[in-house]
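Let me begin by presenting the structure, written as structure tokens, before commenting on it.
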Amino acid sequence: MKYGATRDNVLGLVAVTGAGELIRCGGPWSKNSTGFDLTRLIVGSEGTLALIVEATLRLVPRPPQQATLRALYLDAAAAARAVSRLMRQPQVPAMLEFMDARALGLLRRNGASIPEAGALLMIEADGDGDSLPLALAALGAAAEGDGLISLDVALDGAARDRLWAARRALSPALRTIAPGKINEDVVVPVSRIPELVAGSEALAREFDLPIVCFGHAGNGNLHVNILYHPDRADESRRAGEALPRLFDLVLALGGTLSGEHGIGTAKRDYMPRAFDAPTLAAMRAVKAALDPDGILNPGKVLPPV
């Protein structure tokens, strides 16, 4: 949350277009209003517009101290209200992670010491000896509210490591439910996280498949995992049918298809659901200008005309 995504930390690029031309965009400065922002365009293009041969990156000092708050809530709605409060106050959390009730149950079955709850937030703060206590106080106050079950602070390295180890173990642990996994990284407005979780639960009941939600709550980017057994034809069919329904839900909530993983070929055919025809035409025009022969990552991102 605090330090942004990769594209927020790329200041400039040197790249080779599909036409073989060397282009330079951005540079070693953090403020620039000269010309089009080709840097972010190329960073977000999944290799379809140019080959990056040089990058200028923004680096920041690593804070000397970190601490993690673990907040347990009655349900996803209470956790989402807390996320809104956390993001409205001036102290930005370094990280802000969400887990739904099914994810917490999975962690408990795999040995994690997590009490029963409807949702969990992990809130990371960082700073120095003077600023960290103030950050924790501000974030803790924002985390409190209706639906809060408990709020714990992990200050020492071992306690923090145990919390984050549980979070990192979550994705591999999904295989203990079913060997097949469709892992989508959809994004919705933070205020609509409860509707996404509730909608995912409804899809799980309709298609009779486990669906687990967790991810990056501060920007509404949740991993929605549809689990199934690939050797069971009926389950594979139901998982495939659930996926477009998930995307329809996300778009109806004012969201988008991907926050991290990108489009590639797996979500390419869903792009017309996310963008109107003029917007897709503009993307194709940029692709034709920078890669006229279509040699860079062909077939990715943009659906066939």
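Filtering the range 257-272 for residues that are outside the structural domain of residue 43 (by TED's automatic domain parsing), loosely packed, with under 14 Cβ neighbours inside 10 Å and either of a type in the set (A, V, I, L, M) or assigned to a helix (DSSP H, G or I) (or both) leaves an empty set.
Of the candidates 197, 250, the single residue that is touching a residue at least 60 places away in the same chain (Cβ under 8 Å), under 14 Å from residue 103 (Cα atoms) and part of a helix (DSSP H, G or I) is 197.
Does residue 168 fit the bill of being surrounded by fewer than 16 Cβ atoms within 10 Å (Cβ to Cβ), of a type outside the set (S, T, N, Q) and under 17 Å from the mean Cα position of the chain (by Cα)? Yes: the conditions hold for residue 168. No other residue among 225, 221 is within 14 Å of the chain's Cα centre (by Cα) and under 15 Å from residue 101 (Cα atoms) apart from 225. Inspection of the range 64-80 finds no residue satisfying the criterion of being aromatic (Phe, Trp, Tyr), farther than 20 Å from residue 135 by Cβ and part of a loop (DSSP other than H, G, I, E, B). Among the residues of the range 155-194, which ones are within 22 Å of residue 136 (Cβ to Cβ) and either small (Gly, Ala, Ser) or in a loop (DSSP other than H, G, I, E, B) (or both)? Across the range 155-194, the qualifying residues are 155, 156, 157, 158, 159, 165, 166. Of the residues 104, 86, the single one that is in contact with a helix residue (DSSP H, G or I) (Cβ under 7 Å, 6 or more places away or on another chain) and not in a strand (DSSP E or B) is 86. Among the numbered conditions (1) at positive phi; (2) under 23 Å from the mean Cα position of the chain (by Cα), the only one that residue 145 does not meet is (2).
To keep it simple, each residue is scored yes or no on (1) assigned by TED's automatic domain parsing to the domain that holds residue 282; (2) among the hydroxyl-bearing types (Ser, Thr, Tyr); (3) at pLDDT below 95; (4) not in a strand (DSSP E or B).
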site	(1), (2), (3), (4)
11	yes, no, no, no
19	yes, no, no, yes
39	yes, yes, no, yes
42	yes, no, no, yes
47	yes, no, no, yes
51	yes, no, no, no
55	yes, no, no, no
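Taken together, the criteria place residue 69 among residues that are under 30 Å from residue 165 (Cβ atoms) and touching a helix residue (DSSP H, G or I) at 6+ places or on another chain (Cβ under 8 Å).
The values are calculated or read from the model by the stated rules, or taken from the named source; none is laboratory data. Treat the numbers as computed from the prediction; the structure is a model and nothing was measured. Note: ideal-geometry Cβ built from the backbone for every residue, glycine included; neighbour counts use all protein chains shown.
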